[in-house]
Amino acid sequence: MAWLRITAPPDWTVTPSGRSWCACGHDQSATGRAAVTVLVEIHEQHRTLCPLLSPLEGRAVS
């Protein structure tokens, strides 16, 4: 349901990039080391909040 793809070539002179997307419509991209690191955090957070990935029972209303 949710995918994270990171392209990080072994050459440190090449800029890494990443994309996080989900069947619910979440779709985000990042370029650069710092931005890709943040994207990983956003992806992990999305996986805990996405209505398609986490059960509704027992969740607090937000």
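Summing Cβ point charges (Lys, Arg +1; Asp, Glu -1) relative to the Cα centre of the chain gives a dipole of roughly 40 debye. Extension gain for Arg5-Ala23 works out to 5.0 nm (0.36 nm per residue, less the C-alpha to C-alpha distance).
Surface composition of the chain: carbon plus sulfur atoms contribute 58% of the solvent-accessible area (1.4 Å probe, protein chains only, all chains present).
The structure shown yields volume of the Cα convex hull per residue in Å³, and of the options (i) 81; (ii) 64; (iii) 107 that calculated value carries the label (i).
For the chain, what relative contact order do you get, as a whole percent, if you take Cα pairs closer than 8 Å and at least 6 residues apart?
Relative contact order for the chain comes out at 26 percent.
Where does helix 33-49 land angle-wise versus the long Cα axis of the chain, in degrees 0 to 90, nearest 10? Here the helix axis deviates by roughly 20 degrees.
Using the rule -39500 (n - 2.57) for each DSSP H run of four or more residues, divided by the residues of the chain, the 222 nm mean residue ellipticity is -9000 deg cm²/dmol. Placing R0 at 35 angstrom, the Cβ-Cβ distance between Leu49 and Thr15 gives a FRET efficiency of 0.75 after rounding to 0.05.
The values are calculated or read from the model by the stated rules, or taken from the named source; none is laboratory data. Here the structure is a predicted model, which is why all the values come from computation and not from measurement. Glycine also receives a Cβ, built like all others from the backbone with ideal geometry; neighbour counts cover every protein chain displayed. In case anyone asks, the SASA skips ligands and DNA or RNA and just uses the protein heavy atoms, side chains included. Shrake-Rupley method; radii C 1.70, N 1.55, O 1.52, S 1.80 Å.
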